1. If one takes the longest principal axis of the Cα atoms in the chain, at what angle in degrees, from 0 to 90 and to the nearest 10, does the Cα axis of helix 107-121 lie?
2. Taking amide H atoms as placed 1.01 Å from N in the peptide plane, list the residues 5 or more away in sequence, or in a different chain, whose amide H sits under 5 Å from that of PHE67.
3. Under a cut-off of 17 Å between alpha-carbon atoms, report the aspartates and glutamates in cross-link reach of LYS58, not counting same-chain residues fewer than 8 places apart.
4. Please compute the per residue accessible area over the chain with all protein chains in place, 1.4 Å probe, rounded to a whole number of Å².
5. According to a simple spin-label model (label point 7 Å from Cα along Cα-to-Cβ), what is the distance in nm between LYS91 and ASP25?
6. Each residue of region 57-71 in turn: what ³J(HN,Hα) in whole Hz from Karplus with 6.51, -1.76, 1.60 and θ = phi - 60°, glycine and Pro shown as x?
7. Taking amide H positions as placed in the peptide plane 1.01 Å from N, state which residues far from VAL62 in sequence (5 or more) or on other chains have amide H under 5 Å from it.
8. For region 74-89, what does the Karplus curve 6.51 cos²θ - 1.76 cosθ + 1.60, with θ = phi - 60°, yield as ³J(HN,Hα) per residue in whole Hz, taken in order and with x for Gly and Pro?
Amino acid sequence: MGSQQMKNAQDPKNIDEYIAVFPPDVQEILEQIRATIREAAPEAEETIKYRIPTFVLKENLVHFAAFKNHVGFYPTPSGIEEFKRELAEYKLAKGSVQFPIGKPMPMSLIEKIVKFRVNEVKGKSPVKKGKK
């Protein structure tokens with residue numbers, strides 16, 4: 001089960017190239033996810049790793065990819081574990097979740113997961129804001 005991108009474009013050099021090979025409706029979803037991640041992790045750098053869009057902040061923060069019937073979102077196992085209740089309605093794996101194409105993308109949840117990953121990577125707990 002490969003992504004359409006692998007059939008249409010060999011090794012995209014950047015996220016723009018990755019997104020460009022998809023149909024317009026899927027491009028729109030991918031751009032929304034990209035913008036949501038950028039907003040939640042403004043310091044993260046965009047790149048391509050494993051042939052899919054990746055945001056890096058000291059380490060791999062999150063990845064995402066389009067497939068025929070879903071968008072895969074890869075926030076590492078800790079990102080899935082932290083939000084497993086909110087993600088319960090979706091198909092999950094150890095470090096990934098599948099958001100069906102044709103249903104609204106949970107952008108606010110994606111944003112929360114990315115912010116969690118940013119805090120995790122920076123070594124902060126997202127719950128503790130101040131000292132007691």
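The values are calculated or read from the model by the stated rules, or taken from the named source; none is laboratory data. Note that this is a predicted model, so its numbers are computed, not measured. Glycine also receives a Cβ, built like all others from the backbone with ideal geometry; neighbour counts cover every protein chain displayed. Accessible surface is based on the protein model in full, side chains and every heavy atom, while ligands, DNA and RNA are left aside. Shrake-Rupley method; radii C 1.70, N 1.55, O 1.52, S 1.80 Å.
1. The angle comes out at about 60 degrees.
2. GLY72
3. GLU43, GLU45, GLU46, GLU120
4. Details: 7880 Å² over 132 residues.
Value returned for the chain: 60 Å² of accessible area per residue.
5. 1.8 nm
6. 3J(HN,Hα) across region 57-71, in whole Hz: 9, 6, 8, 5, 8, 8, 10, 8, 7, 9, 10, 4, 10, 7, 9.
7. Amide H to amide H, under 5 Å and 5 or more residues apart or across chains, VAL62 pairs with PHE55.
8. In residue order, the calculated couplings are 10, x, 6, x, 5, x, 5, 4, 4, 10, 4, 5, 5, 8, 4, 7 Hz.
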